[in-house]
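Worksheet for the structure shown next.
The values are calculated or read from the model by the stated rules, or taken from the named source; none is laboratory data. This one's a predicted model, so the numbers in the text were calculated from it and none came from an experiment. Quick reminder, even Gly has a Cβ in these numbers, built from the backbone with ideal geometry, and neighbours come from all protein chains shown. When the accessible area is computed, the model is the full protein with side chains, heavy atoms only, and any ligands, DNA or RNA have been set aside. Shrake-Rupley method; radii C 1.70, N 1.55, O 1.52, S 1.80 Å.
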Amino acid sequence: MKILKNKLKGIDFHSEYIDNKPFPHIVLKDIFSNELLEDVVGSIKKVNTDGGGKIWYKFCTSGNDFSEFGEKVTSLTDYLTSPEWVKFISEMTGIKNLKPDPNWHGAGINWEPRGSHLELHTDFNQHRTAKDLGWRRVNVLLFLSKDWKEEWGGQNELWNKDISKCESSTNPEFNTLVVFSTSDYSWHGFPPVVCPEDRARKVISCYYYCEDKGPHSKAQEYTTYKGWGEGRSFEGRIGTGFKEI
């Protein structure tokens, strides 16, 4: 089964990745097989809307068993933790000896309908249970929202160190990949989703670790949402989750 449209070399993207502001990141479009992702989107939608009438918000999956979504989803999630893909991410970021999380802790398939939002935050720096993974160093977000309009919100935002300016805003469009390095100052989130009721922001998230802590300055573990409670409202998106719009 073809996953990528063409073979990629991470080193070809390294300079752009390192030079991008406000911290190392890159946005790559249309690198995965459209046929594969079309099937993935259909499978996710079918499970979410037909699976007992449940609608998920934010972290809609937990664990590493994606079998209920079918063969194509399983193939894609397996590939995102495969040696071939991890090598690509490692070469692109320049971070050696990256490791995927086989248990997909805090990651997976996200279904975020109208009203979903995510306050600006930095991520947990170490896995809470699998300490052997080391330090969380890279986030990968594969967006799957077809025909997404900018006015529907939900853009993946990367903010500068003092949280005074958004320097990167990416629409969650179908077959768009965002990769960024995590640190004490990798502030990110997304504004409220205001798409029609029959649409949703869809994304697969995957995290990568390394024994070298890199730019993390704190030796101790800290949790996701570091920095909350400092009086910042960010246009009403307090915390993560859903609110009626």
Send over the per residue convex hull volume for the range 124-165, Cα only, as a whole number of Å³. 124
Using a 1.4 angstrom probe with every protein chain in place, what is the largest-first accessible-area order of Met92, Met1? Met1, Met92
When ranked by the protection proxy of mean other Cβ atoms within 10 Å per residue, highest first, what sequence do the peptides 3-15, 164-176 form? 164-176, 3-15
His25 accessible area, 1.4 Å probe, all protein chains in place, Å² to nearest 10: 10
Full-extension gain between Glu68 and Asp12, please, as 0.36 nm times their residue separation minus the C-alpha to C-alpha distance. 16.6 nm
Which entries in the list Lys2/Lys46; Lys2/Lys161; Lys96/Lys202; Lys9/Lys45; Lys7/Lys131; Lys21/Lys45 go over 27 Å, if you measure between the two C-alpha atoms of each? Lys2/Lys161; Lys96/Lys202; Lys9/Lys45; Lys7/Lys131; Lys21/Lys45
